[in-house]
Amino acid sequence: MSEILALTGLRIIKGTGEAPIENGVIIIEGRQIRDVGTSGSVEIPENAKVVDLKGYTALPGLIDAHLHLFGVRSLDLIKEPLLIPYATRVARVLQDLRALISAGFTTVVDAGSDIGLGVKQALAEGTAVGPRVVSAGYILSQTFGHGDQHYLPPEYVDVRVSRLPSYSLICDGVEECRKAARYALRAGADFIKITTTGGVLSEKDRPEYTQFTIEEIKAIVEEAEHANRFVHAHAQGSRGIVNALKGGVKVIAHGIYIDDEGIELAKERNAVLVPTFAIVEHIVRYGEEIGTPKWGVEKAKAVYEDHLNNVKRAYKSGVKLATGTDFVGGVKALRHGDNAVELAIFVEKLGMSPLEAITCATRNAAEAAGLADSVGTIERGKLADIIIVKENPLTDINVLLDKNKIVVVMKEGKPLKDMIGLFSK
Ligand SMILES: [Zn+2]
């Protein structure tokens with residue numbers, strides 16, 4: 001019989017958007033949450049180990065719905081992939097995973113990298129320790145698309161021809177798109193990542209450029225659905241956002257120029273928008289200092305205000321938002337471990353309550369990860385991905401940015417961080 005743990009006397013933020021439970025009880029049995037509720041309404045099994053956590057707050061493990069496990073330490077897009085040994089970047093990713101755990105993240109969505117899927121296997125076999133990794137592996141892009149890495153020679157880019165580490169699959173036309181989608185699935189992709197517009201960190205295009213046709217997008221979505229998976233699109237320009245949604249894409253990343261049509265479609269199709277403000281804000285603030293190419297800094301500065309305004313309109317209109325940072329590694333300002341900054345930006349710039357921002361980082365982000373049935377809320381039957389924090393993030397969201405206040409991090413009922421001896425009591 002698996003051990004039963006009863007946490008009592010604590011404030012519980014379930015991640016569902018409901019008001020918190022004060023003086024609550026959580027019963028954890030093995031990997032799962034067996035019960036949750038107010039003290040007195042939940043039966044505590046006789047054989048449970050009971051721990052009183054008065055003064056603490058429990059919430060679902062945080063989820064970053066869009067980041068990259070690249071293991072880079074600067075935004076120098078030439079040096080990092082070409083001159084840093086691959087094994088060095090893998091070691092850095094392992095460090096990044098530890099930082100994410102310490103920061104309370106129990107699931108991360110790797111929106112494309114050359115390391116995520118391999119690390120996922122290492123986590124599964126117990127070689128590595130970290131949050132649950134949901135990874136796209138390769139990124140599908142058209143020729144001259146955001147994922148075509150135009151600052152490199154073409155023969156360096158597509159993983160099927162490049163002799164260098166890369167993460168791109170270049171495909172043009174419906175048949176090539178189907179084949180690239182199948183190639184990504186063959187590698188073990190948990191979902192398929194595509195780019196339907198230009199971007200900030202792609203040299204020769206602009207965020208508003210439209211990439212892939214609707215027919216190409218539909219073909220990729222169909223291939224994903226055949227394998228019971230979904231598509232997550234990098235989409236910044238209005239038309240590329242609309243095309244992605246019409247093509248059946250489930251998760252829209254960035255959404256810089258989302259317009260009324262995009263807002264209506266996103267609501268109608270129950271899509272999730274992951275605006276990733278953190279990376280744009282950090283490039284605007286620290287761009288050149290962290291090695292970002294000049295053209296990238298200029299584009300970030302040009303779009304940030306529109307980005308905030310358009311996403312705010314989408315939020316006010318009822319589009320479902322999730323937190324994701326688009327952070328790439330331990331670069332100052334794009335450091336894994338600082339990912340809760342996106343919640344603070346949602347509160348400060350979108351005018352959300354801390355409770356709403358937490359819902360975006362838990363339930364909604366679980367939906368964007370394709371894991372809504374198993375994680376993201378503290379509810380009966382869900383996996384016990386739970387963090388315990390000192391103080392109350394509902395009165396100050398910045399509590400979640402302080403790793404010293406995140407005292408327990410558990411994934412599937414097992415402690416990955418335990419500063420209060422909860423599991424040794
Ligand atoms: Zn990204």
Q | Residues located in region 62-87, provided they are assigned to a helix (DSSP H, G or I) and either within 16 Å of the ligand (Cβ to nearest atom) or within 20 Å of Gln149 (Cβ to Cβ) (or both) | A | Lys79, Glu80, Pro81, Leu82, Leu83, Tyr86
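Return a yes/no flag: does region 40-56 have any residue that is at positive phi, modelled with pLDDT under 95 and either not aliphatic (A, V, I, L, M) or not assigned by TED's automatic domain parsing to the domain that holds Val157 (or both).
yes
Collect the residues in region 218-248 that are within 16 Å of the ligand (Cβ to nearest atom), not small (Gly, Ala, Ser) and not in a helix (DSSP H, G or I), keeping them in residue-number order.
Correct list: Val231, His232, His234, Gln236.
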**Q.** Unmet criterion (only one of (1) at pLDDT 95 or above; (2) among the basic types (Lys, Arg); (3) farther than 20 Å from Arg31 by Cα) for Arg335
**A.** (1)
Q: Specify the residue that is farthest from the ligand (Cβ to nearest atom); the eligible residues are those in region 268-301 that are surrounded by fewer than 15 Cβ atoms within 10 Å (Cβ to Cβ) and more than 23 Å from Lys332 (Cβ to Cβ).
A: Glu268
Q) Can you pull out the residues in region 80-110 that are surrounded by 24 or more Cβ atoms within 10 Å (Cβ to Cβ) and within 21 Å of Gly291 (Cβ to Cβ)? A) Val93, Asp96
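Listed here are the residues, each with its yes/no results for (1) surrounded by 21 or more Cβ atoms within 10 Å (Cβ to Cβ); (2) under 23 Å from Glu367 (Cα atoms); (3) over 32 Å from the mean Cα position of the chain (by Cα).
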position: Ile12; (1), (2), (3): yes, yes, no
position: Thr16; (1), (2), (3): no, yes, no
position: Pro20; (1), (2), (3): no, yes, no
position: Gly24; (1), (2), (3): yes, no, no
position: Gly30; (1), (2), (3): no, no, no
position: Glu46; (1), (2), (3): no, no, yes
position: Val51; (1), (2), (3): no, no, no
position: Gly55; (1), (2), (3): no, no, no
(Q) Tell me yes or no: at least one residue of region 157-166 is surrounded by fewer than 24 Cβ atoms within 10 Å (Cβ to Cβ), in the same structural domain as Gly296 (by TED's automatic domain parsing), under 22 Å from the mean Cα position of the chain (by Cα) and among the hydroxyl-bearing types (Ser, Thr, Tyr). (A) yes
Q.
Condition check: surrounded by fewer than 24 Cβ atoms within 10 Å (Cβ to Cβ), under 27 Å from Glu264 (Cα atoms) and among the β-branched types (Val, Ile, Thr). Does Val389 satisfy that?
A. no
Q: State which residue pairs qualify: first residue part of a strand (DSSP E or B) and inside region 147-173, second residue hydrophobic (A, V, I, L, M, F, W, C) in any location, beta carbons under 6 Å apart, and separation of 6 or more residues or different chains.
A: Asp158/Ile170; Ser168/Ile139; Ser168/Val157; Leu169/Leu140; Leu169/Ala180
Q | Unmet criterion (only one of (1) within 15 Å of the ligand (Cβ to nearest atom); (2) surrounded by fewer than 24 Cβ atoms within 10 Å (Cβ to Cβ); (3) modelled with pLDDT of 95 or more) for Leu201 | A | (3)
Q. If you go through region 118-126 one residue at a time, do you hit one that is in a strand (DSSP E or B), modelled with pLDDT of 95 or more and either closer than 22 Å to Pro415 by Cβ or away from the ligand (no atom under 16 Å from the Cβ) (or both)?
A. no
Q: Give me the pairs, please: first residue somewhere in region 208-236 and touching a residue at least 60 places away in the same chain (Cβ under 8 Å), second residue anywhere and of a type in the set (Asp, Glu) and not in a helix (DSSP H, G or I), beta-carbon distance under 6 Å, and either six or more positions apart or on two chains.
A: none
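Among the β-branched types (Val, Ile, Thr), more than 26 Å from Gly287 (Cβ to Cβ) and either assigned to a strand (DSSP E or B) or within 16 Å of the ligand (Cβ to nearest atom) (or both): is that true of Thr16 in this structure?
Details: among the β-branched types (Val, Ile, Thr): yes; more than 26 Å from Gly287 (Cβ to Cβ): yes; either assigned to a strand (DSSP E or B) or within 16 Å of the ligand (Cβ to nearest atom) (or both): no.
No; evaluated as a whole, the condition is false for this residue.
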**Q.** Which listed residue, of Val119, Val93, Val133, is more than 25 Å from Gly15 (Cα to Cα) and touching a residue at least 60 places away in the same chain (Cβ under 8 Å)
**A.** Val93
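The values are calculated or read from the model by the stated rules, or taken from the named source; none is laboratory data. Values in this document were obtained by computation on a predicted structure and should not be read as measured data. When we count neighbours, we look across all protein chains shown, and the Cβ atoms used for this are built from the backbone with ideal geometry, even at glycine.
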